[in-house]
Amino acid sequence: MKEDEKSYARLYVDKIKAPPIRSIARFLQQGSKKGTAASMADKAARLSVGGVEVDLPVYSPTEGQDVIDVGKLTAEGYFTYDPGFVSTASCESAITYIDGDNGVLLHRGYPIEQLAEQSDHLELCYLLLNDALPNAQEKEAFVSAIKAEAAVDKRYQHAYVSIARDAHPMGTMCSMTASLSAHYHADLDVDSEEDRMLTSHRLIAKMPTLAAMTYRHSQELPFVAPRPDLPYGENFLNMMFSTGDDYEVSPVLARAMDRIFLLHADHEQNASTSTVRLAGSTGANPYASIAAGIAALWGPAHGGANEAVLNMLAEIGEPGNIDQYVNRAKDKDDSFRIMGFGHRVYKNYDPRAKVMQETCHEVLNELGVDNDPTLQMAQRLETIALEDEFFVERRLYPNVDFYSGIILKAIGIPTEMFTVIFATGRTPGWIAHWKEMVSVPYKIGRPRQLYTGSGFRDFVPIHER
Ligand code: CMC
């Protein structure tokens, strides 16, 4: 839409001290239903548009920015317009909080750095699903429940036969995850908390198994069954690379694998999680909804960035070419971007990237390749970009994907599998959001649009066109 075609609405926030009674009641009803600590702020917003004034309630979250409830605008004949959901909270959630300006990421209130240092992936999965850290007994029971669900039915082994060996593993993961719905559908009651929890356990348990099967299928290798005696990260590496009984996983690599899963576990309403919520909001099968999330994750602007980082470093080739690529990234007429840099929410260093960088050094040190040229180039690129005015002005910092690919490559995981690892790690976040949504009354997700097509016109018969 051209600038001269736009008319403006005026929004006043904090002008009205008494929010409309009906709105408070609605808010309190929602708040108590979901047991949240959010509260009605002592302010409201007044939108003045086309001579009409509309009072809108403002909600205060437990952390972060106030939110204006625009729900009643539709009754006044208006929708809001926010392509890319840049200023839109699509739902209420109590799982994860991000303060992008200060580089803070909290899961159920706990900072990611402390979780990465003192916890492990399965403990975080429990936290995401239950809103509390488990005690020793609860943790043991949770770990056992996950291990008990790790195997997939024999029929899935046959299903792989129909998939080409050179298929992209994200496409394979999408299909195999969706096909779990064939197994878990008729008896699944999404209104039962027990069934929702069992579904969550199954997905967290089976995703590494499917990921490893996807890799081994592409390599024409026989599948390796999950081993209940091994921890989550180690079991995954064993299913990926075991060549027999004497295969042993280095504890440093097992810990790094677990940490990579943990660092990807959840990130509030990102594109894939929002996709899972949207698909799930129609009442779709949760396994199919997670498959939709995997599809959304695949692209290079989201989870596919880890694969794109390594491809980019390979394309740059040598440190002498970095300046040329940085200049390309700055050129408006060139679509090239520095992959693993920038984030919609973080306008400061991504806290996951910091932990990932440390893990990267640990892994390369363990493998005796700490002078790895790819790492050196990544570090050089990071230093140059962080000092460049273009990146400084736009507050573009390395994100979680900048270093994860280097670790995964060092562990021996092929580039095409990187986003599958992200999907495996993100599964608890996806399913925790699905569970949170379907555990209370919810609405189907149904955005509206700013229509710019033809106005009404009469159909023209084919012989008159
Ligand atoms: N390299 C060069 N310029 C960039 C980059 C980059 N990686 N990212 C953003 N910009 C520029 C962009 O050109 C724009 O400049 P201008 O204001 O002059 O038009 C400005 O920064 C804002 O960019 P945007 O595209 O409006 O920002 P966004 O919030 O819509 O996009 C992003 C966020 C992550 C898609 C984007 O930063 C990007 O494409 N990064 C590279 C891909 C990547 O690493 N993705 C992984 C994200 S983290 C993992 C995950 O959560 O999935």
Original post:
With respect to PHE391, is the statement that it is free of Cβ contacts under 8 Å to residues at least 12 places away in the same chain, more than 25 Å from SER218 (Cα to Cα) and surrounded by fewer than 23 Cβ atoms within 10 Å (Cβ to Cβ) true?
Top reply: no
**OP:** Check whether at least one residue in region 423-436 is over 18 Å from the mean Cα position of the chain (by Cα), over 30 Å from LYS6 (Cβ atoms) and assigned by TED's automatic domain parsing to the domain that holds LEU263, and report yes or no.
**Re:** no
Original post:
Could you give every pair whose Cβ atoms fall below 9 Å, whose first residue belongs to region 264-287 and is free of Cβ contacts under 8 Å to residues at least 12 places away in the same chain, and whose second residue is surrounded by fewer than 19 Cβ atoms within 10 Å (Cβ to Cβ), counting only separations of at least 6 or pairs across chains?
Top reply: ALA284/SER181
Original post:
For region 85-128, which residues satisfy the criterion of being assigned to a helix (DSSP H, G or I) and in contact with a Lys or Arg (Cβ under 8 Å, 6 or more places away or on another chain)?
Top reply: ILE112, GLU113, ALA116, HIS121, LEU122, GLU123, TYR126, LEU127, LEU128
Original post:
Would a scan of region 256-266 turn up a residue that is within 12 Å of the ligand (Cβ to nearest atom) and either surrounded by fewer than 19 Cβ atoms within 10 Å (Cβ to Cβ) or over 9 Å from the mean Cα position of the chain (by Cα) (or both)?
Top reply: yes
**OP:** Search region 316-356 for residues being small (Gly, Ala, Ser) and under 30 Å from ALA256 (Cα atoms), and hand back the single one that is farthest from the ligand (Cβ to nearest atom).
**Re:** GLY317
**OP:** Look at ALA271 and say whether it is surrounded by fewer than 24 Cβ atoms within 10 Å (Cβ to Cβ), modelled with pLDDT under 95 and near the ligand (Cβ under 10 Å from one of its atoms).
**Re:** no
Subject >> Subset of region 49-84 that is more than 16 Å from the ligand (Cβ to nearest atom) and part of a helix (DSSP H, G or I) - its residue that is nearest to PRO111 (Cα to Cα) >> reply: GLY71
Original post:
Just checking, which of LEU386, LEU364, LEU381, LEU375 is of a type in the set (A, V, I, L, M, F, W, C) and more than 29 Å from VAL252 (Cα to Cα)?
Top reply: LEU386
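Just checking, how many residues over region 376-388 are open to solvent by less than 20 Å² (accessible area, probe 1.4 Å), more than 10 Å from the ligand (Cβ to nearest atom) and either at pLDDT 95 or above or closer than 15 Å to HIS343 by Cβ (or both)?
Looking only at that region, the number is 1.
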**OP:** Would you point out the residue of region 419-460, among those that are open to solvent by less than 20 Å² (accessible area, probe 1.4 Å) and among the small types (Gly, Ala, Ser), that is nearest to PRO300 (Cα to Cα)?
**Re:** ALA423
Subject >> Any hit, region 78-100, residues being of a type in the set (D, E, K, R), over 23 Å from GLY280 (Cα atoms), open to solvent by 60 Å² or more (accessible area, probe 1.4 Å) and out of contact with any Cys (no Cβ under 7 Å at 6 or more places or on another chain) >> reply: no
Original post:
Mind checking which residues of region 225-240 are touching a Lys or Arg at 6+ places or on another chain (Cβ under 7 Å) and outside any helix (DSSP H, G or I)?
Top reply: PRO228
**OP:** Return the pairs, sorted by first residue and then second, in which the second residue is acidic (Asp, Glu), the first residue lies in region 407-418 and is open to solvent by less than 10 Å² (accessible area, probe 1.4 Å), the beta carbons are less than 7 Å apart, and the residues are 6+ apart or on different chains.
**Re:** PHE418/GLU307
Original post:
Is one or more of the residues making up region 140-149 free of Cβ contacts under 8 Å to residues at least 24 places away in the same chain, surrounded by 14 or more Cβ atoms within 10 Å (Cβ to Cβ) and hydroxyl-bearing (Ser, Thr, Tyr)?
Top reply: no
Original post:
Just one of the numbered conditions (1) touching a helix residue (DSSP H, G or I) at 6+ places or on another chain (Cβ under 6 Å); (2) assigned to a loop (DSSP other than H, G, I, E, B) is not true of THR199; which one?
Top reply: (2)
Subject >> Candidates SER218, SER242, SER250, filtered to the one that is closer than 26 Å to LEU364 by Cβ, open to solvent by less than 50 Å² (accessible area, probe 1.4 Å) and free of Cβ contacts under 8 Å to residues at least 24 places away in the same chain >> reply: SER242
Subject >> Enumeration of residues in region 285-306 that are part of a helix (DSSP H, G or I), within 11 Å of the ligand (Cβ to nearest atom) and open to solvent by 10 Å² or more (accessible area, probe 1.4 Å) >> reply: ALA296
Original post:
Going through region 150-178 one residue at a time, which ones are open to solvent by 40 Å² or more (accessible area, probe 1.4 Å) and either within 22 Å of HIS107 (Cβ to Cβ) or in a helix (DSSP H, G or I) (or both)?
Top reply: LYS154, ARG155, GLN157, HIS158, SER175
Original post:
Would you say THR282 is open to solvent by 20 Å² or more (accessible area, probe 1.4 Å) and within 14 Å of the ligand (Cβ to nearest atom)?
Top reply: no
Subject >> Subset of region 308-361 that is modelled with pLDDT of 90 or more and among the hydroxyl-bearing types (Ser, Thr, Tyr) - its residue that is surrounded by the most Cβ atoms within 10 Å (Cβ to Cβ) >> reply: TYR346
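The values are calculated or read from the model by the stated rules, or taken from the named source; none is laboratory data. Remember, predicted model here, so these are calculated numbers, not experimental data. As a convention, Cβ positions derive from the backbone with ideal geometry for all residues, glycine included, and neighbour counts pool all protein chains shown. Just the protein is used for accessible areas: all its heavy atoms, side chains included, with ligands, DNA and RNA removed. Shrake-Rupley method; radii C 1.70, N 1.55, O 1.52, S 1.80 Å.
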